[in-house]
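Asks: Pasting in a structure now, in C-alpha cells, and then I'll have a few things to ask.
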Amino acid sequence: MLWGAHSGGLELRTEGGETRLRATFPYGQATVLSDGGRTGRARQEVIAARAFADRLERGEDVHFLSGHDFNKPLASRSAGTLTLTETDNALTIEATIGGDMAAVSYVRDFLAAHAAGLIRGLSPGFRVRPGGETVEERGDAILRTIRAADLFEISAVTRPAYPEAQIEARNWQPVAPVARRIVDRHHASRWR
C-alpha cells in the first residue's frame, strides 16, 4: 500500500456531541520522494486528477483512519460517516465522528492531538492499478504520475510527508526503459 500526505486543511467542528471533519487533498501537486542520494537522480511523484475515481464511483468502502491504522477507524463510507467527493482539482473528505465514538480512547487521543495542533496532515492509502502509472525522465529526476489507483483509506497524520498535497510512496519500480537507464548509470544503487 502507498501513502501520500497533505499538510494542513483538516478542519474539525464539534456540535451536539458530533465532531465533523472536512479536508481537501489537491491533485496535480508533485513531490520529491528522494533528492537522489547516492544515485544523484531525484524521484518525484504526482497524483493525477480523478486518480481514485473508479473505486469511488462504484461506491466501495473507504475508511478514515488515525495514522494509517485500520485498528483506529474514525469513519467509513459503509457506516455512512464518510463522504468523498472527487473533482478535477481535489478529493474532498467529510467525516462525522459520532458522540458514541468520542468515548473511545484512540478517538479521544486523535481529537486532543488535533486540538493541540499536532495532527494537521491528510494522507491517502492506495494501490496503483495495473497500467495506472507512467514513469518518465525529467531532467535530473524520474517522475512517476499516478493516473489510476484503488483508494482504501484516508488518514489523519501527525507529520505529513510534504506540504501542499505532496505524495510519498515507497517500494515502487520505474517502468522498464527508465529502469534500465538507471541501472546502467548506477548499478550499485536500487530503488527502495
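Values in this text are rule-based calculations from the coordinates and carry no lab data. Source: prediction; values computed, not measured. Here Cβ is always computed from backbone atoms with ideal geometry, including for glycine, and neighbour counts include all displayed protein chains.
Asks: Report relative contact order for the stretch 9-149 in percent, whole number only (criteria: Cα-Cα under 8 Å, sequence separation at least 6).
Replies: 29
Asks: Next up: Quickly work out the ARG13-to-SER78 label distance, labels modelled 7 Å from Cα along the C-beta direction, and quote it in nm with one decimal.
Replies: 3.0
Asks: Also, I was wondering about something else. In what sequence do PHE25, PHE70 fall when counting other Cβ within 10 Å, fewest first?
Replies: Starting with the residue having the fewest Cβ neighbours, the order is PHE70, PHE25.
Asks: Over all directions, average the projected area of the Cα convex hull of the stretch 25-71 and note it in nm².
Replies: Mean shadow area of the hull around the Cα atoms is 5.1 nm².
Asks: Related question: With just the Cα atoms defining each centre, how far is the stretch 59-79 from the stretch 81-155? Give it in Å.
Replies: Cα centroid of the stretch 59-79 versus Cα centroid of the stretch 81-155: 10 Å apart.
Asks: More than 18 Å apart: what percent of Cα pairs in the stretch 1-149 qualify?
Replies: 61
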